[in-house]
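The values are calculated or read from the model by the stated rules, or taken from the named source; none is laboratory data. Not measured: the values here are computed from a predicted model. Counting neighbours? That spans all protein chains shown, and the Cβs are built from the backbone with ideal geometry, glycine included. The protein model used for the area step is the full one, side chains on, heavy atoms only, and it has no ligands, DNA or RNA in it. Shrake-Rupley method; radii C 1.70, N 1.55, O 1.52, S 1.80 Å.
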Amino acid sequence: MDVERGTSFVVMFGGCAQLTPSHFLFRFTKVDTQESTYCIGVNSGGKYGPILVSIAETGETEPDPFDAEVQLGAGDHQMDVWEQTSSSNLFPPDADPQHSELIRSWTNEEMPDPPYVDPCVGCGGGCPYTGIVQINGVDVGTFGPFDPCTDNTLNIILE
């Protein structure tokens with residue numbers, strides 16, 4: 001999930017609240033420094049799920065962790081979530097988190113470039129491609145090279 005600094009975002013995951021009262025403890029661990037920050041939010045989802053918690057990324061202001069506010073530095077964060085009855089306990093339990101997800105925090109000035117996707121990965125060969133022409137199961141030629149990212153329809157008209 002991408003989070004723009006200075007905005008609110010909603011975390012949604014499957015399940016329903018099991019505790020009464022029900023609060024959700026969030027731990028955000030910055031991937032490169034392993035520093036953690038915490039906040040507590042409440043479920044606004046229905047009685048039978050899913051879990052919906054709104055969190056405010058405060059940007060440059062001081063967050064109130066007990067009011068679902070957090071300040072994340074730009075970069076990747078591992079988010080872990082636990083359900084608890086306390087609205088003031090910022091210590092995660094020894095149990096596995098109920099939900100985990102990777103969060104990327106960024107500002108308008110630091111918007112990350114989208115990751116490069118190589119169209120040739122996983123296709124069994126290099127680019128550009130060469131296609132094989134078969135008629136009734138018999139190889140009769142090849143065509144190409146062609147770009148796998150464009151329409152490469154080959155029409156054969158037999159007269």
Checked GLU101, GLU57 against criteria (within 14 Å of MET1 (Cβ to Cβ), of a type in the set (Asp, Glu) and touching a Gly at 6+ places or on another chain (Cβ under 9 Å)); the one match is GLU57
Quick one: how many residues across region 8-49 are of a type outside the set (Lys, Arg) and open to solvent by 50 Å² or more (accessible area, probe 1.4 Å)? 18
Which numbered condition GLU83 fails, given (1) surrounded by 14 or more Cβ atoms within 10 Å (Cβ to Cβ); (2) farther than 20 Å from VAL3 by Cβ; (3) modelled with pLDDT under 90: (3)
Any residue in region 18-25 that is touching an Asp or Glu at 6+ places or on another chain (Cβ under 8 Å), farther than 19 Å from LEU102 by Cα, small (Gly, Ala, Ser) and at pLDDT 90 or above? yes
Selection count where residues are among the hydrophobic types (A, V, I, L, M, F, W, C), touching a residue at least 60 places away in the same chain (Cβ under 8 Å) and assigned to a loop (DSSP other than H, G, I, E, B), scope region 1-29: 3
